[in-house]
Amino acid sequence: ADKVVLQLKWVTQGQFGGYYVAKDKGFYKEEGLDVDIKPGGPDIAPEQVIAGGGADVIVDWMGGALVAREKGVPLVNIAQPYQKSGLEMICRKDGPVKTEADFKGHTLGVWFFGNEYPFFAWMNKLGLSTEGGPNGVTVLKQSFDVQPLVQKQADCISVMTYNEYWQAIDAGFKPEELTVFNYTAMGNDLLEDGLYAMEDKLKDPAFKEKMVKFVRASMKGWKYATENPDEAAEIVMDNGGQDENHQKRMMGEVAKLVGDGSGKLDEALYARTAKALLDQKIISKEPSGAWTHDITDAASK
Amino acid sequence: MKPDTLKNKIIPVTTILLALVAIWYVAAVLMNAPFQRDRDSRAGVTPTTFEFIGKTLAQPKPILPAPHQVAQNVYENTVLRSLSSNRSLVYHSWVTLSSTLLGFGFGMLLGILLAVLIVHNRAMDRSLMPWLVASQTIPILAIAPMIVIISYNVLTGDNALAHLLNLDSDASRLVSKALISTYLSFFPVAVGMVKGLRSPEIMHLDLMRTYYASPMQTFWKLRVPASIPFLFTSMKVAIAASLVGAIVGELPTGATAGIGSKLLAGSYYSQTIDIWAALVAGSLLAGILVSIVGLAAKIVDSAMGGRPA
Amino acid sequence: MQAPSVVSAKDLCLTYQANDGPVRALSDVNLDVRKGDFVSFIGPSGCGKTTFLRVIADLEKSTSGEISINGMTPEEARKARAYGYVFQAPALYPWRTIENNIALPLEIMGYSGADRTRRIAEALDLVSLTGFEKKFPWQLSGGMQQRASIARALAFDADLLLMDEPFGALDEIVRDHLNEELLKLWARTNKTICFVTHSIPEAVYLSTKIVVMSPRPGRVTDVIDSTLPAERPLDIRDTPEFLEIAHRVREGLRTGHSHEV
Amino acid sequence: MQAPSVVSAKDLCLTYQANDGPVRALSDVNLDVRKGDFVSFIGPSGCGKTTFLRVIADLEKSTSGEISINGMTPEEARKARAYGYVFQAPALYPWRTIENNIALPLEIMGYSGADRTRRIAEALDLVSLTGFEKKFPWQLSGGMQQRASIARALAFDADLLLMDEPFGALDEIVRDHLNEELLKLWARTNKTICFVTHSIPEAVYLSTKIVVMSPRPGRVTDVIDSTLPAERPLDIRDTPEFLEIAHRVREGLRTGHSHEV
Amino acid sequence: MRHLTFSWQGVTALLLCLAALVTLPLLAEGAARPFTDGTGTLVFIIVIAAALLSFAPQPPAYRATVLFIGAHGAAWMLLSALSGNEGMATRAFFLLLFACWLLAWRCVTELSNQQPATALGKSTLQLLIPAIFGAWILILWEAATRGAGIPFIILPPPSAIGARIMASLPILGDDVKQTIFKAVLIGYIVGCLSGFLVAVLADRVAFLRRGLLPIGNMVSALPIIGIAPVMVMWFGFDWPSKAAVVIIMTFFPMLVNTVAGLAASGSMERDLMRTYASSDWQTLLKLKLPAAMPFIFNALKINSTLALIGAIVAEFFGTPIVGMGFRISTEIGRMNVDMVWAEIAVAALAGSIFYGVIALTERAVTFWHPSIRGG
Ligand SMILES: Nc1ncnc2c1ncn2[C@@H]1O[C@H](COP(=O)(O)OP(=O)(O)OP(=O)(O)O)[C@@H](O)[C@H]1O
Ligand SMILES: Nc1ncnc2c1ncn2[C@@H]1O[C@H](COP(=O)(O)OP(=O)(O)OP(=O)(O)O)[C@@H](O)[C@H]1O
Ligand SMILES: Cc1ncc(C[n+]2csc(CCO)c2C)c(N)n1
Ligand SMILES: [Mg+2]
Ligand SMILES: [Mg+2]
């Protein structure tokens, strides 16, 4: 079987349920692939892994991928399983922030390591400085959990709809005690989990064919996972996921982001993401060739 | 056991340990109180002081878990789980232990090799020594993830080294984690062994000269035995450093097993009890490793005519 | 006919380069030691006794002048394993038993197993340490350690024995005993012995030749040939002949000491 | 009329609890030292000389028996700073200059600045170390270090001086000189001195009273009152009277030594 | 004596040159700016000449100079030929560079055998020898990354790191202020001081000492760094939580070493104090503390590296958006690997200075200790 190494962006969890299901249910094998799924972690940069030859394809956010492309790692989006974004910012209702207008002078928790671009794009749009002071916001590099909100170290924190949000609920917050700013709902979302491969490798038809099979099987996995979230959560648990209930809930939430299940990249969303990055000078010139529909088109045939 | 051991060791140590546990309990109540108050007021209940204290010591995700919560968690995850379950602390300790030992082994080899070079070669001594010190001021732990990822990729990628070693992905993961341990542990060994290999007195060296002993004979019959106490002292430091390296190497690198990954997973889900249980497991592991080295030192020492204390 | 020369020094000088300037440790030393001699070196602290022994042993290089050992350079003599050296301190290896400490030179010089065992037993017997083979150095008193170190130097065949204050750490009674034993050994084996001491009676009692040295710069001020008979019971030390030689040595020392304390 | 008693021991016993069983270091020691005495302790290694001095100095507690110093218990005497102690090794602090090492007891006992300076100068002069005030201990030879430690014990006013083999590390000439100086100092100040030595001539030369000890268990086997005159030139050591006392001491030692080597 | 003195380094360098000649050219075909014949030949001539001249019967100082100029001149020419030709270096190029390296090695060996008379000469050599060694690490690194074309985001060349440092001085300055001057320094001072005070207390109270010492010994072997996330949880995002990690990491080594040091004074020295009926404080001040100094400095040195590591790792678990640990983890995520290495270089520099200052103070304070006196 053809070997494919997939590098995830984060630890094993429901967020990547589709790939684990595809592997577990033998969808990859049916396509003649032997897929090795490598979990990530807070300091694993999938871009670096693929540049070093440690993976054939990676799960990455569009922001990180475009930045890497400019830094000489020619990543190409070959599929976009997540058509919506799961990022949001939540604030305590009993705290000072109720609307976007209240941000000024307050402290916001943000994830860095390439996950900060949507936040900065949003602040850019609001015209808020991120350097602190009375007319800007104070930014904290947020750790892995919701403690900053519980302990009132930050007024608002970043969460994923499918993950940390539920940890806040577990910590005793009721949904009505939280103000939620959802990036997708605000129209500020930048593309999240997509599949990326190296441009030079894609020139090789054999590799391209391999990717077609990979994407086809993966999307089949996603379809199965969204239809059977509990079973998918079990599969994730078997592969090293933590906290079963949490994974089941996560599968349910993730299903809402996957969309039509074709994995096809929405060009408008791509354009918005690229523009937001350009506006903030995170990238310096309009990227070109950073995505292709070839793979998804071939896969859906 | 001599009665002195009881009086001079066991009683003071247990007293202080008990005092620490007591302080821990008080701290747990104090630190967990605000959240509990918050919670109670949201739920609209007003517990008695006694109930309140009880609740602060029984939170599922406390800021500071009470000792018995940690103990219970450790007990459940060691005794009650099968050893191969990935919730077993024994299993995670084993994973960490294996890369600790591997890194420690590499570190010892590298450290001893450097020490031998430095002791036998003036140019090495003068050019290498300052850089050895400088090497330890690099915050390797901060770039541990990068190192682990890059070396893992090199080991599994398509290059000459990878073909030469031909490791599978588990072995590569192990080796790349062990590199961090190696980096942290070679230094104390190198420094200690340089000291040790240079520890023979001038008179002992002169004695060898009067016998017209070859450099090899001087090395094996004098320098090596003289350096043994130094070797064990640095081994104690090195094995502890190795363990730190292995844990940090697992922290943010997507490892799914090991004490570091338990710390991370716990921290990711605010499962403080799990964090503390992992810390306890790490501490036990450190204790066991250091004691083993200490025991080995004692045995070797008495075989080499060491005087009982 | 005179016995052949074992150590012969001519105008020997040695200057140490210390960090606060050069130290003249030996200055124009002329000396001839013949086969079978028992030569004692005596002199105040720092007069170069140890340095001279070290030059003979090729542990120190002379700055000028000539020295030959059995007609060879010191280096050749060392490589020919021509001498045994007993340091001022026992210098036993703490991780080796007494037996193995004595075996050390034998191992290095490649003596065979059986030969080794025999030699160790003999040497131990000579210094009355039989029964202590398996002990480690720290289990022995200072005097016993010193004797073990003497045994180590006697275990292999060297005709020249260099001994640097070997009995300094011993009390008078033990010292007397070892003096007797050393004389017996010397008479039996016909070795040549160079012996450093601080004790005038010891020097007079043991030697056929006493070299008196004086410091700053270290030089030989007097060489006294002993008139005592070869047979020397301990109470020879109360005879007028003995006291006279002792007196001459003391006078020699006192002039060397001049005004310093 | 007899001088008052300074050290008085009655049936003094001391047993050390070592890890391989108890060691009887002192057994039924009876001794009376009077004001102005110069008492030498001599005996083979391990016979308890140091131990006895340490009991007097309250560094060791006796197991049974009685001991009084100037009519006080050793602890009271120590707190009254009744004695100066010279250890077998110099025990100088390497981070203090010679001058400051001598100043150490003066600082602790609260002597005033000017008084201190004067006393340091005097003490240094007594042991002929003037000019070495600013040196650190490691810059001095072993003998000079030992002299500095003697100066340290002499710098403050203690009527009792306890000296544990103070001249062991010195060569014969320097030793002779210091012996003379010590006798002069003793004659001038009328101090009481307890002095441990391994050297028979030294003991005889210095003492008004020689205590011969023997080991296992440590006990006093002989107390010899010297018949030598108070005025003692160095060559008194060649007189028959001297030799006779020396002979008696040697005999005493030899019986103590019995069969060991 | 007018015969030649061969060295294995020199001979091997000549052999490598020969091998390089056989495997020419120095840059792969299609290089944008290939070597001109002139420069290529010049490099060969320099290397061969330096190797040959180093065999000549001349004083070592002369040989060292020739080797120094030859090795570094040739290496510089080789490296400067790389710009514009990234990733095009061939085997011959590296063989030649290794030859230069061997000559530099020979040069260091010659220098090590020098015994300069003046103090100035001594300290110059003491700096020069390790400097050459360090320079060659950088040269080989530069050649490996630029010559062999290792991707920038895997390992950037030192020249790029240097440029990045120069371009980012204000940011680096802010990070150093946050991490070193706040977290590390405060944590280090508080940790060492409290360890010291508790040790003095433990020295006075035997019960405390007996109980605390085994525990302290054990704890200093524990992976304390694991409490970093806990500290961030307790003390918040800013520097106090980092300082707390540093305090805990430095406390125990100081405690254990000081207790050992206070017990290190010889029994005879302590008996001496007893004969003076000295009070406990006098004994502590005049005997035990001075005798403990080597141990205390040992702890200060160990702690100087622990402190930096502790603070930087703690920043992984949440910080304000400034600080060396923050920058390192964030810039890896942004693929600015040169910035990561710039922070590392700054950290190593700061650490070395920190260590050096302590080592110098140690020399001044424990001048009397044999390990210092012996050189
Ligand atoms: N390695 C050295 N470097 C510099 N000077 C030295 C060295 N070794 C000895 N000296 C000096 O050389 C002189 C002679 O020293 P040596 O050790 O030979 O004396 P010694 O007669 O053996 O004295 P002692 O009776 O004290 O053993 C002394 O002044 C000493 O300080
Ligand atoms: N702290 C101790 N613990 C156990 N035994 C001891 C201790 N100190 C001395 N001894 C033993 O007590 C006996 C007397 O020792 P002491 O030091 O008084 O002898 P000494 O006469 O001074 O000998 P030396 O001439 O060698 O100094 C010896 O057998 C010694 O081994
Ligand atoms: C340091 C750090 N970075 C990111 C996240 C949040 N996170 C969890 S899953 C996910 C999506 C990845 O595809 C993200 C951004 C975190 N908790 N900590
Ligand atoms: Mg000598
Ligand atoms: Mg004694």
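The values are calculated or read from the model by the stated rules, or taken from the named source; none is laboratory data. In this text the structure is predicted, and so the values were computed from the model without any measurement. Heads up, the Cβs are rebuilt from the backbone with ideal geometry, glycines too, and the neighbour counts pull from every protein chain shown. Heavy atoms of the whole protein, side chains included, go into the accessibility calculation; ligands, DNA and RNA do not. Shrake-Rupley method; radii C 1.70, N 1.55, O 1.52, S 1.80 Å.
In segment C:105-134, of all residues being hydroxyl-bearing (Ser, Thr, Tyr) and either part of a helix (DSSP H, G or I) or in contact with an Asp or Glu (Cβ under 9 Å, 6 or more places away or on another chain) (or both), the one that is modelled with the lowest pLDDT corresponds to C:Ser128. Residue under question is B:Thr218, and the condition is that it be of a type in the set (Ser, Thr, Tyr), more than 30 Å from E:Gly333 (Cα to Cα) and buried (at least 16 other Cβ atoms within 10 Å of the Cβ); does it hold? When the stated conditions are applied, B:Thr218 passes them.
Beta carbons closer than 9 Å, at least 6 apart along the sequence or on distinct chains, pair a first residue in segment E:256-269 that is closer than 16 Å to D:Leu92 by Cβ with a second that is of a type in the set (S, T, N, Q) and at pLDDT 85 or above for E:Ser265/E:Thr283. Looking at segment A:1-93, the helices (runs of 4 or more DSSP H) lying wholly inside it that each contain 1 or more residues that are open to solvent by 10 Å² or more (accessible area, probe 1.4 Å), at pLDDT below 85 and within 14 Å of chain B (Cβ to nearest Cβ) sit at A:46-51. Against the criterion of being surrounded by 19 or more Cβ atoms within 10 Å (Cβ to Cβ), under 30 Å from A:Met62 (Cβ atoms), more than 7 Å from every other protein chain (Cβ to nearest Cβ) and touching a Ser or Thr at 6+ places or on another chain (Cβ under 7 Å), E:Ala311 does not qualify.
Note on segment E:347-372: residues that are facing another protein chain (nearest Cβ under 10 Å) and under 22 Å from the mean Cα position of the chain (by Cα) total 12.
Results for (1) open to solvent by 30 Å² or more (accessible area, probe 1.4 Å); (2) more than 16 Å from ligand 4 (Cβ to nearest atom); (3) more than 25 Å from C:Ser226 (Cα to Cα), shown as yes or no for each residue.
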site: C:Val7; (1), (2), (3): no, yes, no
site: C:Tyr16; (1), (2), (3): yes, no, yes
site: C:Ser45; (1), (2), (3): yes, no, no
site: C:Thr63; (1), (2), (3): yes, yes, yes
site: C:Glu66; (1), (2), (3): yes, yes, yes
site: C:Asn70; (1), (2), (3): yes, yes, no
site: C:Thr73; (1), (2), (3): yes, yes, yes
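Quick check: is even one residue across segment E:317-330 among the aromatic types (Phe, Trp, Tyr), open to solvent by 20 Å² or more (accessible area, probe 1.4 Å) and more than 8 Å from chain B (Cβ to nearest Cβ)? No - not one qualifying residue is present in segment E:317-330.
Note on segment D:94-142: residues that are within 14 Å of chain E (Cβ to nearest Cβ), within 12 Å of D:Phe156 (Cα to Cα) and among the aliphatic types (A, V, I, L, M) amount to 6.
Among the residues of segment E:143-176, the ones that are open to solvent by 20 Å² or more (accessible area, probe 1.4 Å), closer than 21 Å to E:Phe98 by Cα and at pLDDT below 90 come to 6 in all.
The condition of being of a type outside the set (A, V, I, L, M) and open to solvent by less than 20 Å² (accessible area, probe 1.4 Å) holds for only one of C:Tyr111, C:Tyr83, that being C:Tyr83. Scanning segment A:150-166 for residues that are within 13 Å of ligand 3 (Cβ to nearest atom) and touching a residue at least 24 places away in the same chain (Cβ under 8 Å) gives A:Ile157, A:Ser158, A:Val159, A:Met160, A:Thr161, A:Tyr162, A:Asn163, A:Tyr165, A:Trp166.
Would you check if D:Thr130 is among the polar types (S, T, N, Q), more than 16 Å from ligand 5 (Cβ to nearest atom) and farther than 30 Å from D:Ile210 by Cα? Considered against the rule, which asks whether it is among the polar types (S, T, N, Q), more than 16 Å from ligand 5 (Cβ to nearest atom) and farther than 30 Å from D:Ile210 by Cα, D:Thr130 comes out as yes. Just one of the listed residues (A:Asp189, A:Asp238, A:Asp204, A:Asp243) is modelled with pLDDT under 90 and under 29 Å from A:Ala290 (Cα atoms), namely A:Asp189. Going by what's in this entry, would E:Gly191 be described as more than 14 Å from chain B (Cβ to nearest Cβ), assigned to a helix (DSSP H, G or I), under 30 Å from B:Ile292 (Cβ atoms) and under 24 Å from the mean Cα position of the chain (by Cα)? Taking the combined requirement at face value, the residue satisfies it. Within segment A:264-301, the residues that satisfy the criterion of being modelled with pLDDT of 85 or more, in a loop (DSSP other than H, G, I, E, B) and open to solvent by 80 Å² or more (accessible area, probe 1.4 Å) are A:Lys264, A:Ser284, A:Lys285, A:Glu286, A:Ser288.
Go through segment E:203-235 and give me each residue that's open to solvent by less than 40 Å² (accessible area, probe 1.4 Å), over 32 Å from the mean Cα position of the chain (by Cα) and either touching a residue at least 60 places away in the same chain (Cβ under 8 Å) or over 20 Å from B:Leu18 (Cα atoms) (or both). Matches in segment E:203-235: E:Asp203, E:Met233.
Okay, residues lined up against (1) surrounded by 15 or more Cβ atoms within 10 Å (Cβ to Cβ); (2) at pLDDT 85 or above; (3) within 26 Å of E:Glu110 (Cβ to Cβ); (4) small (Gly, Ala, Ser):
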residue: E:Leu4; (1), (2), (3), (4): no, no, yes, no
residue: E:Gly38; (1), (2), (3), (4): no, no, no, yes
residue: E:Ile46; (1), (2), (3), (4): yes, yes, yes, no
residue: E:Ala61; (1), (2), (3), (4): no, no, yes, yes
residue: E:Ser80; (1), (2), (3), (4): no, yes, no, yes
residue: E:Asn85; (1), (2), (3), (4): yes, no, no, no
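Taking the criterion of being part of a strand (DSSP E or B) and either free of Cβ contacts under 8 Å to residues at least 12 places away in the same chain or surrounded by fewer than 14 Cβ atoms within 10 Å (Cβ to Cβ) (or both), the residues of segment C:18-29 that qualify are C:Ala18, C:Gly21, C:Pro22, C:Val23. Restricted to segment A:114-143, and to residues there that are facing chain E (nearest Cβ under 8 Å) and of a type in the set (A, V, I, L, M, F, W, C), the residue that is surrounded by the most Cβ atoms within 10 Å (Cβ to Cβ) is A:Leu140.
When C:Ser40, C:Ser68, C:Ser8 are checked against the criterion of being more than 16 Å from ligand 1 (Cβ to nearest atom), assigned to a strand (DSSP E or B) and either within 14 Å of chain D (Cβ to nearest Cβ) or farther than 29 Å from C:Arg248 by Cα (or both), C:Ser68 stands alone in meeting it. Against the list (1) of a type in the set (Gly, Ala, Ser); (2) touching a Leu at 6+ places or on another chain (Cβ under 9 Å); (3) within 14 Å of ligand 3 (Cβ to nearest atom), the condition A:Ala121 fails is (3). The residue list E:Ala119, E:Ala71 contains one member that is out of contact with any Cys (no Cβ under 6 Å at 6 or more places or on another chain) and of a type in the set (A, V, I, L, M, F, W, C), which is E:Ala119.
Pick out the one residue from C:Pro201, C:Pro166 that is under 30 Å from D:Val196 (Cβ atoms) and open to solvent by 30 Å² or more (accessible area, probe 1.4 Å). Criteria check complete, one pass: C:Pro201.
When restricted to residues that are away from ligand 3 (no atom under 16 Å from the Cβ), of a type in the set (A, V, I, L, M) and in a loop (DSSP other than H, G, I, E, B), segment A:124-147 contains 2.
Selection of first residues in segment E:112-139 that are farther than 22 Å from B:Ser135 by Cα and within 12 Å of chain B (Cβ to nearest Cβ) and of second residues that are part of a loop (DSSP other than H, G, I, E, B) and open to solvent by less than 90 Å² (accessible area, probe 1.4 Å), restricted to Cβ pairs under 7 Å at least 6 apart or on distinct chains, gives the following pairs, ordered by first then second residue: E:Lys122/E:Pro116.
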